[in-house]
Amino acid sequence: MIDRHRPAAQEPGPPAPRAPAQQARARWCSGARAVRMGASGVRAVGGDGEWTGRYARAVSPRGRITLHGLALALGAALVWQMLVGGGAGGLPHDVWQQVLGRRADRAVTSALVGGSLGAAGVILQAMLRNPLASPDVLGPSAGASLGVLVSALVFGVAPGAWWSAGPATAGAVLTLGLLLLLAQRRGRIDPAGLILVGVTISVMAGALCAAAQQALAARGLLTPGPWAVVGSIRDGLPRWMIAAGAASSAACLAVALATARWADTAALPEDEARAAGVPIGLLRGGQVVSAGLLTGTAVVLAGPIGFVGLVGPHAARLALGPGYGRHALALSGRWLGPHAVHLIASTLAGGALVAAADAAVRAVQTPGGRLPVGVLTAIIGGPVLVALVRSQPRAA
């Protein structure tokens, strides 16, 4: 018997279209969902927390090939940088000392600076969930430069020495803290406001840097040059200073890799990440300090080189392919998630970019002298930033 008072069943219609912001968040979080599902499957299979079993079968060979290719590109850029320039035409005996000495130090410095900025860019983009985040766009680079110049002005010494690492890191960390404070709306970070606040902080810090440079030049403590303006790889840096910078950057990378699984899960909505056991406050604090220390190290060694922290992560993401966020990678017996793979790839890409850019500016002589490497990275990074801004989904 048919009940006439019961409404007829309606067939489900097509799903409602998502808003652009929801689509962007879905794309951004797809990798984290895959990591969470893979980790849960691992616990059911192995129970030891390692990424094996079902999730291991999702490994993409493109990730391994990409990392190997970026490592080879970095090595080729370093070799090119050591061999480019005058004095190596006839290969006399003293050229080998020059290659193994001053040029090798310069090559290592360029790779260290580029790798630090590339890693800082990935950390900031993951923390802020914004693909436009980078040390130069949001202000940490300018804040680090301001910290170096202000401390030199206060203590009456020339900037750029070994002691500048502390003020540079403090300036970058304080800039990030101010950015997070001003970009929040009702307890959440506004993506559009984040970029506007970051650009404003960067411009204001740059103006204060110009004033500090003028004051230092008046005291005879600073000779105006490209290092303090756009960034440049310098010759004659002490090797212990380069080693100290490498040690600090390696420590930051170790912390970032150790917390990479938290970062993968933290790409989910905050309440879901907390429910999964991720200490959001501890993770963000570590990300702020790591990004600040990486940026400070790069600024102390080479000045405010721009756009490497933006180009490096996106070049790595492009090389890894659109599906890298759903795959893991085996390295030294451990499984690395999407954030760790992206971090390593961006570090290699940033190092290769700065090394190749420095070799290019050293190979080309202009009537006014050698161009600083920051000019070439800005020429490369400017169009990349414009393309990224135009590709962002617009609000309805």
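The values are calculated or read from the model by the stated rules, or taken from the named source; none is laboratory data. Small disclaimer: the values here were computed from a predicted structure and weren't measured. Positions of Cβ are generated from backbone atoms using ideal geometry, with glycine treated the same way; all protein chains shown enter the neighbour counts.
Before moving on, here are some points about what is shown:
- When the range 246-266 is limited to residues that are more than 17 Å from the chain's Cα centre (by Cα) and either of a type outside the set (V, I, T) or in a loop (DSSP other than H, G, I, E, B) (or both), the one that is nearest to R106 (Cα to Cα) turns out to be A247.
- Residue that is modelled with the lowest pLDDT, among those in the range 162-204 that are buried (at least 23 other Cβ atoms within 10 Å of the Cβ) and over 18 Å from the mean Cα position of the chain (by Cα): S164
- Test: S151 is of a type in the set (G, A, S), without any contact (Cβ under 8 Å) to a residue 40 or more places away in the chain, over 13 Å from A302 (Cα atoms) and touching a helix residue (DSSP H, G or I) at 6+ places or on another chain (Cβ under 7 Å): yes
- Some residue of the range 217-236 being in a helix (DSSP H, G or I), at pLDDT 90 or above and exposed (fewer than 13 other Cβ atoms within 10 Å of the Cβ): no
- Single match in D271, D264 (criterion: of a type in the set (D, E) and surrounded by 18 or more Cβ atoms within 10 Å (Cβ to Cβ)): D264
- Between G306, G277, the distinction of being outside any helix (DSSP H, G or I), at positive phi and at pLDDT 85 or above belongs to G277 only.
- Failed condition for S145, given (1) at pLDDT 85 or above; (2) of a type in the set (G, A, S); (3) out of contact with any Pro (no Cβ under 6 Å at 6 or more places or on another chain): (3)
- Residues in the range 326-355 that are at pLDDT below 90 and small (G, A, S) were compared, and the one that is nearest to T377 (Cα to Cα) is A340.
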